[in-house]
Structures are given as C-alpha cells and as structure tokens.
1. For Ile118, work out the one condition from (1) in the same structural domain as Arg47 (by TED's automatic domain parsing); (2) among the β-branched types (Val, Ile, Thr); (3) more than 22 Å from the chain's Cα centre (by Cα); (4) assigned to a helix (DSSP H, G or I) it doesn't fulfil.
2. Could you please give the count of residues in the range 161-176 that are in contact (Cβ under 8 Å) with a residue 40 or more places away in the chain and not hydrophobic (A, V, I, L, M, F, W, C)?
3. Inside the range 260-302, can you point out the residues that are within 23 Å of His360 (Cα to Cα) and part of a loop (DSSP other than H, G, I, E, B)?
4. Search the range 293-304 for residues that are more than 12 Å from Pro315 (Cβ to Cβ) and among the hydroxyl-bearing types (Ser, Thr, Tyr) and pair each with any residue that is in a loop (DSSP other than H, G, I, E, B) and modelled with pLDDT of 85 or more when their beta-carbon atoms are under 9 Å apart and the residues are at least 6 apart or on different chains.
5. Determine which single condition Gly532 fails, assuming it passes every other condition in (1) at positive phi; (2) modelled with pLDDT of 85 or more; (3) not hydroxyl-bearing (Ser, Thr, Tyr).
6. So the check is Cβ under 8 Å with 6+ separation or different chains; which pairs have a first residue in the range 482-497 that's farther than 15 Å from Asp509 by Cα and assigned by TED's automatic domain parsing to the domain that holds Arg464 and a second one that's of a type outside the set (Phe, Trp, Tyr) and surrounded by 13 or more Cβ atoms within 10 Å (Cβ to Cβ)?
7. Which condition number does Val426 fail, the rest of (1) at pLDDT below 85; (2) touching a Phe, Trp or Tyr at 6+ places or on another chain (Cβ under 9 Å); (3) part of a helix (DSSP H, G or I) being met?
8. Failed condition for Ala203, given (1) within 30 Å of Thr368 (Cα to Cα); (2) exposed (fewer than 14 other Cβ atoms within 10 Å of the Cβ), with all others met?
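The values are calculated or read from the model by the stated rules, or taken from the named source; none is laboratory data. The shown structure was predicted, so the numbers you read here are calculated from the model rather than taken from an experiment. Ideal geometry is used to build each Cβ from the backbone, glycine not excepted, and the neighbour counts take in all protein chains shown.
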Amino acid sequence: MRNLIVDYLTERQPSLDYSSLRSLSTVLASNFWADLERHHPGIDSLRLSVEISTAWKARLASKTIRARQPNGVVAQVTEPRARASMIKQGVRAFYLDIAHWALDEPERWGLWAAPSPISEGECSHKKAEQQQKSWADQRTRERLPVLPALVRAVDRQLKEARARLDALNAAPLGSAFTVLDETFTVPLSTQRSDGRPRTAIDAHGQRRDFGTEEKAAFWGWATIEILRHTGIRIEELRELGHHSIISYRLPSTGDTVPLLQIAPSKTDQERLLLVTPELADVLSAVVSRVRNESGVIPSISSYDQHERKWNAPMPLLYQWRVTGEDRRIAETTIRRSINGALQASGLVDNSGNPLRFMPHEFRRIFITDAILNGLPPHIAQVVAGHANINTTMGYAAIYPVEAIEAHRSFIARRRSLRPSEEYRAVTPEEWQDFLGHFERRKLALGECGRAYGTDCNHEHACVRCPVLVMSASDRPRLVEIRDNLRKRIAEAESEGWLGEVEGLSVSLDAADQKISQLDERDSRKTSPVFIGVPVFERITGRTIDNEEPTR
C-alpha cells in the first residue's frame, strides 16, 4: 500500500503544487490508510467491506484535540471534523483515478482497482461552505466598523514608540528621562556600535527594548495600512519589492499614475493596483526604512514555503537587518505585529474578549467596503485577483440591499395610493377609544375576538358567537350554561313555548360545540402526535398465491 500511494502521488505530482501534494499525501496516508491499519490490522486491499468503510467514516466525522478550558486546564476534547467532506472527496478521487488508469495500464493499476466506498453525495461540502461563509461574514461585519479605530490606534502606537526611542537616544548614559508621562532610566552600559544603549529601565524596574518596540510598531502599522488599501494576500505582501512600484502614463491626459504590481501567487496571475495617496505614503515610509547607507534596497534571497524552493535575490520591501544580515520578515512576525497592535488598541469583540484580526480578514473587508461603495463586482474581481466572480461575491459580506430597497419602494408606492387621512396624527380621544376596545373585549366567557371599530353581530349572545376566544379555565362556566339551557328548554316544551325552544336550542348547540372544541384542544396537548410515519399496523398487507400455474 505504501508503494501504491507513492506511485499515485508521483503520477499526480506534475499537476499539483507542493502544498496541494502534501495535503493529498496526508489525506491518503494518514487520514485514510493509517487509520484503517490501526483499527483493522492485517488489511491489505482497497476493496473495503461495508462494516469497515462505515466504521472509518464514523471515526472521520470527529477528532480529538487538546484545548484549554475556561478554568485554564488543558484537556482532550472531541469536536466535529470540519474537513471530513474534503477528505472523503480526496479518497473518492483516489479510487476513481486508479479505476480510470487501470483501463489504460491494467498491468500497473488493475490489481488495485476497487469500488469506491464513498458515494458522490457523501463528498458534498456545501453545508460546510455555508457555515464558513456565515462565520466569515459575521467576523467581517464585526470588524469593518472598528477598522478606523484600529488605524488610529496603530498610528498612535507608532508615534509613541518613536517618541520613546528618540527620548532614549537623546538622554545621557545613566540619567533619567520622562516621556509620555513615564519615567525611565538609561543604563550605563552600551549595546550598540554607536555607543548608545538599546534598552531603558522603567519605574517598576523592568527593562524595555525601545528599538524592538518601535520596529514592531512600524511593521504593524505598515502591514495594516497596506492590507486595508490593497486587499492583497499575506504571501503577496511578503513578495512586494522595490520594482513592484511602477508608473504609468495615461494616454488620454498624459498624467502619470503610480501602480503596484502584484506578483503571481495563488492563481498564477499578476495584476496591477492603483496606488492611492495614503498607500503611497506608506510605501514611501517602507522604502525609506529598508534602504541601506548607499540609498539602495538590498537584494535578498527568499524561501517559498508553498513551493519549497529558494527564489532569486530581489529587493523585497519586507526585510530587516538581524545580527548584521538582511533577512526577509517571517509570516509569523507579521501576524505577531498585527496582534500586538490590536492588543495595544484595547478593542474588544461582541463577547468582550480582545479583538483579533487575521491578515486575510483585511482582504474580506477591502472587497466588502469596495462593493458597498459602488465598485462593480466584476471590477472587484480583477482587483482582488480572483479567477471566478462567485469567489469575489463570497468574500463580500453585504446585506441584500436590492431586496431591502425594492421593499421600501413598494411600501412608499402603496402608501401614496392610500387616502392621506389614514396617515394623519391620532387624537388623544381616538387613542383612548382604541385602548378601551381591548378592555371591553374581556367577557365572562373569555375574550371577544372582533376587530376594532366593528359592532357585535350577535347582540352580545356570546355563546353563539364564532369569534369568542375561550380557555380551559372557562369550561366549568360553559358547562353550567349548557345545563341551564337544557332546563330552560324542558320548561319551554312543557309550557308550549315553541319559539323559545327554537332560540334556546341554537344556543345549546353552540355551547355543546364550544365544549367539544375545548375538550379536543386538551386531548391534542396530552396525546402523541402522528407525524406521518406509518407504523406496522397501518401498513396494508398483501398475500401472494404461490400455486403452480397450470400447463
């Protein structure tokens, strides 16, 4: 089986990138076959029985992880596996590919061809995609309104970090200085080549590295600004170089506009984005920071984690100097700088916990904000670099504006056709009469259900009225009225009052009907409800005559 999986991955390798190939190998070798060998020792064939395949699917539906509980204790918990349908899809493709290849190369793949234990319906992950869409839209709607506050917070954090660093550089060795209402002490020892210390000691005796704080604040500010103005992916952000900033002369007016060239990443397609004045300021600050003493951005080699290969040296913008060497800023460092800026801002989510931003959420916010402000979806698709416009619309967490506006227009048109007197202000007398209507609906036998402004058609003969609303507590009173009607009917018959008998009989029938309705309502509450699934007694049986036919 190991050789089979290796051969299969080798056959698929030319059409897959490294990350997809690694994910497929994890699905086949770990999630599928290793699990079968662990729970069904001795298995050596892809032809699985119904019991084995059913047991594997049940184990695949959940996973056990270690999670921190609310009390701080780390424990093992079992939760549903979100990628279960994707794993089934990969295993089903494994079976179908081998069956298809066996037709062309039976000597190589025919031995392993077997029916797929997974049907096409089991690979559907539409529900998971809908849940992911709802989760992402909720996070986007929660973070879009607080984005201006985050931008102000990171800008303030950067200015404060620079003020502390400038104050440290200006203070003599061994002296104390105050900045931003905080007092620090400069140590006598130096750690830099220019004779200045890297750290200062605060009022609590803690040593703080102002250089590192300023560096983290700058890259956190730059990352948030670039991501919110461009909507690019984090791998595209780390691949931005000095040559990515280009200019273009408009043929109509002759004006020169700056453009940002995004290198091919996920869809292997490059694209050009217009550089706004705000984005130009950020890029200018980044370029000024990474230039060396000669005014040139160093060209450094970078490692592509997705393709697992080293790229040619390029003047990348996201680089810094570490121990005398120019290095590319790691993705974890970028994420850490964003989280540090969020923590310093003090923003919280709806549950009161500290707000967290993932780099990709700035992309969703950028697309959502662009479409809400009138950018056509097909233009947003080009700007975002999506191959399918449905992907772009999936990123946009918008409300059904067209349906809401159409409904409001319908209400406005209907209101314009109705008499204007219906929309005049209600007088206090009319309002009191309206409230008194509901007070007058309370009767001895329940409540009257007639509409406001209508008269009683039964001359307050409530027992006969079909709109009388009664409850189970009114049944004793109704039974008393029914018994009294029977006595009055008997008296009228004995006296020969035939007209009185006819009227009382109508009231008696109405009372019996209302008592039956109350009894039926109570019986429905206490009896089991038939939901349409027939039991064995409801099935009509048939008998078949097995006599031999006559010849």
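1. (4)
2. Looking only at the range 161-176, we keep the residues that are in contact (Cβ under 8 Å) with a residue 40 or more places away in the chain, and these are 161-162, 164-165, 168.
Next cut, not hydrophobic (A, V, I, L, M, F, W, C) only: 162, 164.
Here the count works out to 2.
3. Selection gives Ala263, Pro264, Ser265, Lys266, Thr267, Asp268, Gln269, Glu270, Val275, Thr276, Ser302.
4. From the range 293-304, the pairs are Tyr303/Asn311.
5. (2)
6. Ala492/Glu500; Ala492/Val501; Ala492/Leu504; Glu493/Val501
7. Val426 satisfies every listed condition except (3).
8. (1)
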